[in-house]
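The values are calculated or read from the model by the stated rules, or taken from the named source; none is laboratory data. Since the model is a prediction, treat every value here as computed from it, not as a measurement. Cβ atoms come from the backbone with ideal geometry, glycine included; neighbour counts cover every protein chain shown. These area figures cover heavy atoms from the full protein model, side chains too; ligands, DNA and RNA do not enter into them. Shrake-Rupley method; radii C 1.70, N 1.55, O 1.52, S 1.80 Å.
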Amino acid sequence: MLDLLLTNAHIVDGTGTPWRKGCVGVRDGRIVAVGSAHDMPEARTVLDIGGNILCPGFIDSHSHSDLRIIDEPLALPKIMQGITTENVGLDSMSVAPISDKNKEPWSTSISGLNGVAQKPWGWNGFASYLNALDAAKPSVNLSSYVGLGTVRLDVMGMEDRPPTAEELRLMEESVARYMEEGACGISAGLIYKPNKYQSTEELVALAKVAARYDGILDKLAKEGMELPHVAITGGFATEDQVYKALALGAPYVSAVGLCRSSMAAAMSAKKIGELIEAGKVPPELARFGTTKEELFSDLPELRGLYGSAADGFSTGAVGVYSYLNRIAYGRRHFAALNRKFDVKHIGRRDVFPLTRDAKELLDGTWLR
């Protein structure tokens, strides 16, 4: 007997396979059956989806709902978008651990990202914050990092100086304790106070403590859970950087985001288009050509895809297409050199270290 049977659904299972029409059966809070209606056992509750899409819940991996989820546990803005899991405690600014004297100033400090709580902060330690989340009975699943800024605040306040040996020891003990209490990792935000006052040596010392505990993906793998597709972003701009990120992130990372670099390509290409229109192409570019056709070599390819409509594309859009084309070709070139013809086959054996730090990173011993 099923607890719930969802019928007449367009099922998108997240594996990349085409959608299919069918039913999904749930028992004890878990999906136990996927198939056609005549294959399903009886259910206590049957819900006709009406041909809508039924898919796994989305994960908001960078959320600042740390306080809002306690004030508004229904989390309508998230669940109405299909988000069923949130990860909080980001950018070094978790809301625990927190002493009573730091609650008001820290609340003000993080209000730009986390908002202002309507309910009092009824916790001090990390475990008591997680208990407060459980007590709120939110509609979404939650995991939390412990922020390194919060850890530093708890030991040193907002002081802009290196920690003493005793203060560093206290912070290391704190990170270990909060990892044991349920933190999924540590977070940093080096543009925010007091995290911005931390040196590389201090960050590495605290990261070494956290590295003794399995990360969230390792935990899921050990529990036999199905791992999500993971994308990583953060300053990547060239094809070799993309390939190394995929190799070092294997087997978890399957996509690399190119955000600011794509924006830079768009803005640069837009400016070049303006210079072409004004007849003011600088000499360093003029040696390659002075017209849109000469300087934007991917324009013929776009015409082949979109016909004459491509002539109306902004040079910024053409520039982004050219940039991403370069990344794609470069990534495939590196993969072909390693005889890897699918992203899922890329791994750490495809790169080799040139420095001691790089070797330790490759061996997984850099922070241990």
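Looking at the range 218-312, the chymotrypsin sites (Phe, Trp or Tyr not before Pro) that sit in a DSSP loop and have at most 16 other Cβ atoms within 10 Å of their own Cβ are Tyr252, Phe288. Just so you know, the Rg over Rh for the chain is 1.03, from Cα atoms, with Rh as the Kirkwood radius. Scalar couplings 3J(HN,Hα) for the range 156-161, obtained by applying the Karplus form with A = 6.51, B = -1.76, C = 1.60 to θ = phi - 60°, are 10, x, 9, 5, 9, 6 Hz; x denotes Gly and Pro.
Would you rank Met225, Met263, Met80 by solvent-accessible area, highest first, keeping every protein chain in place and using a 1.4 Å probe? Show your work: numbers first, answer last.
Numbers: Met225 80, Met263 115, Met80 150 Å².
Sorted descending by solvent-accessible area, the residues read Met80, Met263, Met225.
Backbone N atoms of the range 328-345 closer than 16 Å to the 7 Å Cα→Cβ label point of Phe313 belong to residues 328-329.
First measure r as the distance between the Cβ atoms of Ile49 and His229, then evaluate 1/(1 + (r/R0)^6) with R0 = 25 Å and state the FRET efficiency to the nearest 0.05.
According to the calculation, E is roughly 0.55.
What's the extension gain from Met267 to Asn124 if we count 0.36 nm per residue and subtract their Cα-Cα distance?
Values: separation 143, 0.36 × 143 = 51.48 nm, distance 4.66 nm.
Gain on extension, Met267 to Asn124, equals 46.8 nm.
Label positions at Thr291 and Lys21, each projected 7 Å from the Cα along the C-beta direction, are separated by 5.3 nm. If the chain linking Lys103 and Leu354 were pulled fully straight, counting 0.36 nm for each residue of separation and taking away their Cα-Cα distance, it would gain 85.7 nm. Asp214 sits with roughly 60 Å² accessible to a 1.4 Å probe, with DNA, RNA and ligands left out of the calculation. Among Asn87, Asn52, Asn114, the largest mean-square fluctuation in a Gaussian network model of the chain, built with springs joining Cα atoms closer than 10 Å, belongs to Asn52. With respect to the cross-link table entries Lys103/Lys196; Lys196/Lys271; Lys78/Lys219; Lys78/Lys270; Lys78/Lys244, which display a Cα-Cα separation exceeding 29 Å? Too far apart for the 29 Å limit: Lys196/Lys271; Lys78/Lys270; Lys78/Lys244.
Between Ser111 and Val343, what is 0.36 nm times their sequence separation minus the Cα-Cα distance? Round to one decimal in nm.
On the way: separation 232, 0.36 × 232 = 83.52 nm, distance 4.03 nm.
The span from Ser111 to Val343 would gain 79.5 nm if fully extended.
Taken about its Cα centre, the chain carries a charge dipole of about 740 debye when Lys and Arg each add +1 at the Cβ and Asp and Glu each add -1 at the Cβ. Solvent-accessible surface of the range 297-356, taken per residue with a 1.4 Å probe and all protein chains present: 68 Å².
How large, in percent, is the carbon and sulfur part of the accessible surface of the chain at a probe radius of 1.4 Å?
Numbers: 12100 of 21330 Å².
Answer for the chain: carbon and sulfur cover 57 percent of the accessible area.
With N set to the residue count of the range 200-339, report its C-alpha Rg divided by 2.2 N^0.38 Å to two decimal places.
Relative to the rule-of-thumb radius for its length, the range 200-339 sits at 1.44.
When DSSP beta bridges are restricted to pairs lying wholly in the chain, around 35% turn out antiparallel. Calculated mean residue ellipticity at 222 nm for the chain: -12500 deg cm²/dmol, from DSSP H runs with n ≥ 4 weighted as -39500 (n - 2.57), summed, divided by the residue count and rounded to 500.
Under 5 Å between amide hydrogens, built in the peptide plane, is the criterion, and for Ile83 it picks out Phe58 among residues at least 5 positions away or on other chains.
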